[in-house]
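Asker: Take this structure first; my questions come after.
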Amino acid sequence: MVSEDLTRLRLLLPHWIEHNEEHAEEFSKWAERAQAAREFHVADHLWTAAHKLAQANEALQGALDHLGGALAAQEHEHPGHPHAHG
């Protein structure tokens, strides 16, 4: 990877982690609703999905740690939102 790619990755990883946390929280809320509706298998699947996102975040955080952590806002130019997937 070139330096520019590594810099971009240090910007993207925190965003991806945060995004996954938001999804996991939403999955858990819906799992609770499914359980309340006695849809126990559905709830289990949703909780599994939330758990797997937490595991994915551990891996993403490991990658970020190996890159030296997230860049502080003043360390980079931020002309646009780093939500790009590529």
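The values are calculated or read from the model by the stated rules, or taken from the named source; none is laboratory data. Just so it is clear, the model here is predicted, and its values are computed rather than measured. Cβ sites come from the backbone with ideal geometry, for glycine too, and all protein chains shown count toward neighbours.
Asker: Please go through region 8-35 and give me each residue that is of a type in the set (D, E, K, R) and closer than 11 Å to Leu71 by Cα, ordered by number.
Answerer: Arg8, Arg10
Asker: Okay, moving on. Within region 22-45, does at least one residue satisfy the condition of being among the β-branched types (Val, Ile, Thr) and within 18 Å of the chain's Cα centre (by Cα)?
Answerer: no
Matching residues to (1) closer than 23 Å to Glu4 by Cα; (2) at pLDDT 95 or above; (3) of a type in the set (Ser, Thr, Tyr); (4) surrounded by 11 or more Cβ atoms within 10 Å (Cβ to Cβ):
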| site | (1), (2), (3), (4) |
| --- | --- |
| Val42 | no, yes, no, yes |
| Ala50 | no, yes, no, yes |
| Leu67 | yes, yes, no, yes |
| Pro79 | yes, no, no, no |
| Pro82 | yes, no, no, yes |
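Asker: Something else now. Of the residues Ala36, Ala50, Ala70, which single one is hydrophobic (A, V, I, L, M, F, W, C) and closer than 19 Å to Arg8 by Cα?
Answerer: Unique residue meeting the criteria: Ala70.
Asker: Restricting to region 35-73, count the residues that are on the phi > 0 side of the Ramachandran plot and either among the small types (Gly, Ala, Ser) or in contact with a His (Cβ under 9 Å, 6 or more places away or on another chain) (or both).
Answerer: Selection size over region 35-73: 2.
Asker: Go through region 36-51 residue by residue and tally those that are of a type in the set (Phe, Trp, Tyr) and either under 21 Å from Ile17 (Cα atoms) or in contact (Cβ under 8 Å) with a residue 60 or more places away in the chain (or both).
Answerer: Residues flagged as of a type in the set (Phe, Trp, Tyr) and either under 21 Å from Ile17 (Cα atoms) or in contact (Cβ under 8 Å) with a residue 60 or more places away in the chain (or both) within region 36-51 amount to 1.
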